[in-house]
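K.L.:
Got a structure for you, written out below as structure tokens; questions coming shortly.
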Amino acid sequence: MPEKKIKKVKIDGRKIACEREETILQAAKKAGIEIPTLCHDDRLEPYGGCRLCIVQVKGVVRPLPACTTPVTNNMEVCTENDIIRRIRQNIIALLLSNHPNDCMKCEKTGDCALQDLAYRYDVDSTRFEGEKWDLPIREDNPFISYEPNKCILCGRCTRICNEVVMAGTIDLVGRGFNSMPDTAFRRPRTIDNCEFCGQCVSTCPTGALTDKKGRGRGRSYEMKKVRTTCSYCGTGCNFDLNLKDGKVVKVTSAYDAPVNHGNLCIKGRYGYDFIHSADRIKTPLIRRGDSFHEATWDEAIDLIADRFSGLMKKYGNKTVGAFSSSRCTNEENFLIAKFARTVFKNNNVDNCARV
Amino acid sequence: MAGLATSLGAGAATNSLAQMPDMDTLFLFGSNPTEAHPIVSIYLKKALSNGAKLVVGDPRKTWMARRSDVWLNLRPGSNIALLNGLIHVILKKGWENKEFIKSRTEGFEELKKKVREYDLKKTEKLTGVPEERIIEAARLYSNADKAMIVYGLGVTEHQTGTENAMAIANLALVCGHIGRPSTGIMALRGQNNVQGASDLGPLPATFPGYQSITNPEVREKFEKAWGVAMSPEIGLKSVEMLDKACEGKFKGIFILGEDPAQTDPNVHEVRRALSSLEFLVVQDIFHTETTKHAHVILPGASFAEKDGTFTNGERRVQRIRKAIEPMAGKAEWQVICEIAAKMGYPMSYNHPSEIMDEIAGLTPIYGGISYERLERESLQWPCPTKDHPGTTTLYTDLFSRPGGLAKFMALDHKGSGEVPDKKFPYVLITGRIREHYNNGSMTRRVKGIMELVPEELLEISHADAKKLRIKDGDMVKVSSRRGEIKVKVKVTDRSQPGNVFMTFHFPEALSNFLTSEHRDPIAGTPEYKSCAVRIEK
Ligand code: SF4
Ligand code: SF4
Ligand code: SF4
Ligand code: SF4
Ligand code: FES
């Protein structure tokens, strides 16, 4: 049985009460204290791979990873001191020693955990001389670009694919210096081995995995982000539409979304092209004989009002009705029902597809 | 959702999705969430990795069926027989929850009498599921502590769809598996806002919030708010409007964002009905099969172009936000207001938030919902007042039926409207795949998705493929009593012998030319899940 008692902990001098089984990282987050992480994602089981989140716990000689260490009663934690800072700098320097110096044109610039950490801890890639990968960028599928050179082997992509999506598409393949996340036999991602949910992209802290369709369309900080709800299935996932110059150029995860916590499926994450599709209906159209003619809103609305009024007069108000849709908003559904009951003055209104 | 409404009170899922990982037993019925509801499936997968037992009732060998402890591979259309059979076993073994049945339900004796007819032999015969599996499923589910039944369109898209849902409620009630966290019934539905579209009352017999139009007090409330008399006469369902149109007795329809000419079964008839109308207005973002029949087509605004709310399958009301201006200048809500005003009934709102305020004032279950609150919190209805936190678990003490008791419904096995015979020996099941959506009008415009899944495929078992001498990639002709289509074959063990599967996402090979006209007489839901077809090279 897990202990149910409230635990009192002190992090950087702040008192925090923990009711559940919590890690130091979770307790700190609750109190608004930020501990740097690289291999951690709230959607994943604690892993403890990168050691960047190490903290000093009073009475323990070696620093402990905050993301895997549970809090205990009366624990006292210091999230950063000179020693910790130096260790973190070393970890970052090591990562940069096998990393391309490519921030200038990297898709991830401005939204990259590694870049932010290098800046925050004042580390550059010259500290350690290391052998560097020199592998080509892989864009062998419609949605996901993979730049292995930028991979820091945090294992988030492989864990989310196996732990959360349970698709088993990617895993760490190869050995030693050459081990990296990839598909079995390094085949392209296809419909037979991948769900194209993009969860791996959404968790990657660097520019190793990026959304192919959004590449080159703008930096993260240039985008206006609008939080919204998916219009495909009834699960109600939230995400951010990323806009540049009035166009939706990308969808990014909303990690605090109550339903989906940043997870999406192929439709929610990549199914936005239809919004700006060239064949959207752009003006009202009125039929004349066998063809449709463009009309203004006023013409169309006048005609509709006229024709419905005419039918009601000629055949009685029970001969007209409205279909609403389970694709429309609540407000629109409410209005169309109100419309039928107040304007047609009948109850001929139905949700046409009951599926 | 009329099924759950009859048995329990409300036509809605009883719990929240977030409770799923904590259940210890999952009974998945007629639902393929890894394809149709991928994010729900993430919750379910979490439950499985936490050690939950899994029972799957599905004619297809889905991802979940492959990983199940018990797979109930029932014949399409035999849901009621199977559920009655399960309850039969549970009662016989004394696994029912007597206390719960006594204190929280009514109608148990009738149910007991009815399920007595469904002994194991008969159930096996009707469903094709071996006896041992039925017993094991009954044991796992009834002995669970926290058990959820998750069901999908494989339950509702039958001519007995409403009754199927009642039969599911029977099973949960017999075991007392309802009204607690991580314990209840979750219905997974197709389109994004099915829940909201039912809640908000574009229905012939109910006002918003399932308030009956035959109730004079309710009518009075709406008359006061809207300033006109409300007709007490129940209106026509969409199918009935179309039927009457074919007879020349229905003249004009306004269709908002739907494509019945593709997504309805038996589309020939629907198209005939639409072309018999004197006046048809269709508002949509793309040209569809339905717009072809219109007299006026109005451009719709996509979800990125307007403010509003959707209500998801767990009763959670969530915002959509306007990211860009409506491409054609107006969003649907504005257009409806303008037409109403032109026809002599002024409607005016400055913003959809004002419509929500009106909804809240008239709809008790949405009473506490406002855009302002939704900026700060996430709410699941019932949320009757501004200080109510919303409801994650329904029916913790009372069911929302008169008297507060849930009702057992004694039900008979009826089977599908159309069963295979010599001429049409295969059962066609239609459904969804992860990559596409409904009539495909949105997903077929996503280049990458079309690269991955460019066309319809007929899924057929290895045994049947061999029998018909067809192989992967062959083109075949599939025909039913209503029509025929040509489609490419995919041989897979997802299909059991005798059953084939197709989606309805592609107009070039539209399964709805084949699907039958049988419908659930109560909800009007078409029987998409089963019709008899012939397959020829
Ligand atoms: S992944 Fe990050 S650190 Fe590496 S090049 Fe791109 S932006 Fe720079
Ligand atoms: S897209 Fe999804 S399924 Fe494919 S590799 Fe990434 S996480 Fe795995
Ligand atoms: S690809 Fe990204 S998420 Fe995967 S291991 Fe490399 S850095 Fe981590
Ligand atoms: S992202 Fe996928 S699962 Fe989520 S609501 Fe959209 S379609 Fe449904
Ligand atoms: S974030 Fe804790 S070890 Fe990587």
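K.L.:
Using the structure shown, select from A:Lys30/A:Lys108; B:Lys322/B:Lys447; A:Lys250/B:Lys386; A:Lys247/B:Lys237; B:Lys330/B:Lys447 the pairs with a Cα to Cα distance greater than 30 angstrom.
P.N.:
Flagged as over cut-off: A:Lys250/B:Lys386; A:Lys247/B:Lys237.
K.L.:
Report in % the part of the accessible area of the range B:179-321 that belongs to carbon and sulfur, leaving out ligands and nucleic acids; probe 1.4 Å.
P.N.:
Working: 2000 of 3900 Å².
In the range B:179-321, the share of accessible area belonging to carbon and sulfur is 51 percent.
K.L.:
Here is a further query. Given the Cα-Cα distance of B:Lys471 and B:Glu269 and 0.36 nm per residue of separation, how much length would full extension add, in nm?
P.N.:
Computed gain between B:Lys471 and B:Glu269 is 69.4 nm.
K.L.:
Further question on the same structure: In nanometres, what is the gap between the two model label sites at A:Asp12 and A:Thr296, each 7 Å from Cα along Cα-to-Cβ?
P.N.:
About 6.1 nm, to one decimal.
K.L.:
Ballpark to the nearest 100 Å², how much total accessible area do A and B bury together, probe 1.4 Å?
P.N.:
10900
K.L.:
Projected onto the charge dipole of the protein assembly as shown (+1 at Lys/Arg Cβ, -1 at Asp/Glu Cβ, origin at the Cα centre), which of A:Ser326, A:Ile336, B:Thr391 gives the Cα projection farthest towards the positive end?
P.N.:
Of the listed residues, the answer is B:Thr391.
K.L.:
Please list, in order, the residues from the range A:137-160 whose amide nitrogen is less than 19 Å from a point placed 7 Å along the Cα→Cβ vector of A:Glu45.
P.N.:
Flagged as within label range: A:154-160.
K.L.:
Related question: Antiparallel DSSP bridges in the protein assembly as shown: what percent, to the nearest 5?
P.N.:
Antiparallel bridges: around 55 percent, rounded to the nearest 5.
K.L.:
Given the options A:Ile152, A:Ile16, A:Ile191, which has the most mean-square fluctuation in a GNM of chain A, springs set between C-alpha atoms less than 10 angstrom apart?
P.N.:
The residue that fluctuates most here is A:Ile191.
K.L.:
Further question on the same structure: What's the center-to-center distance, using Cα atoms, between the range A:237-274 and the range B:38-115 in Å?
P.N.:
With the range A:237-274 and the range B:38-115 each reduced to a Cα centre, they are spaced 35 Å.
K.L.:
Continuing with this model, one more query. Under a 1.4 angstrom probe, counting protein chains only, how are B:Asp307, B:Asp421 ranked by accessible area, largest first?
P.N.:
Result of the area sort, largest leading: B:Asp421, B:Asp307.
K.L.:
Of A:Asp42, A:Asp82, A:Asp124, which has the largest mean-square fluctuation in a 10 Å C-alpha GNM of chain A?
P.N.:
Largest GNM mean-square fluctuation: A:Asp82.
K.L.:
Would you list B:Met230, B:Met343 from the most to the least accessible area, probe 1.4 Å?
P.N.:
B:Met343, B:Met230
K.L.:
Could I ask something else about it? If you take every DSSP beta bridge fully contained in the range B:2-188, what fraction is antiparallel? Give it as a percent rounded to 5.
P.N.:
5
K.L.:
Further question on the same structure: For a Förster distance of 56 Å, can you work out the FRET efficiency between the beta-carbons of A:Ala184 and B:Asn215, rounded to the nearest 0.05?
P.N.:
For A:Ala184 and B:Asn215, the calculated efficiency is 0.35.
K.L.:
So what is the calculated 222 nm ellipticity per residue for the protein assembly as shown, using -39500 (n - 2.57) for each DSSP H run with n of 4 or more, over all residues, to the nearest 500 deg cm²/dmol?
P.N.:
After summing the helix terms and dividing by the residues of the protein assembly as shown, the value is -8000 deg cm²/dmol.
K.L.:
Okay, which of the range B:309-350 sit inside 20 Å, backbone N to the point 7 Å along the Cα-Cβ direction of B:Val228?
P.N.:
B:332-350
K.L.:
Under 10 Å, Cα contacts only: if you run a Gaussian network model on chain A, which one of A:Asp290, A:Asp182, A:Asp111 comes out with the highest mean-square fluctuation?
P.N.:
It is A:Asp290.
K.L.:
What helices in chain A pass both tests, a Cα length along the helix axis of 15 Å or more and a mean Kyte hydropathy of 0.5 or higher, using whole DSSP H runs?
P.N.:
Qualifying helices: A:82-97.
K.L.:
Give me, ordered by chain and number, the residues 5 or more places off A:Asn260 or on other chains with an amide H under 5 Å from its own placed amide H.
P.N.:
Answer set, sorted by chain and number: A:Asn238.
K.L.:
For the range A:285-354, what's the relative contact order in percent, using C-alpha pairs closer than 8 Å and at least 6 residues apart?
P.N.:
Working: 62 pairs, mean separation 18.3, N = 70.
The normalised contact order for the range A:285-354 reaches 26 percent.
K.L.:
Quick one: accessible area per residue over the protein assembly as shown, 1.4 Å probe, rounded to a whole number of Å²?
P.N.:
I get 38 Å² per residue for this part.
The values are calculated or read from the model by the stated rules, or taken from the named source; none is laboratory data. Worth saying up front: this structure is predicted, and the values here are computed from it rather than measured. All Cβ positions, glycine included, derive from the backbone under ideal geometry; neighbour counts span all protein chains shown. Protein only, heavy atoms only, side chains kept; ligands, DNA and RNA dropped before computing areas. Shrake-Rupley method; radii C 1.70, N 1.55, O 1.52, S 1.80 Å.
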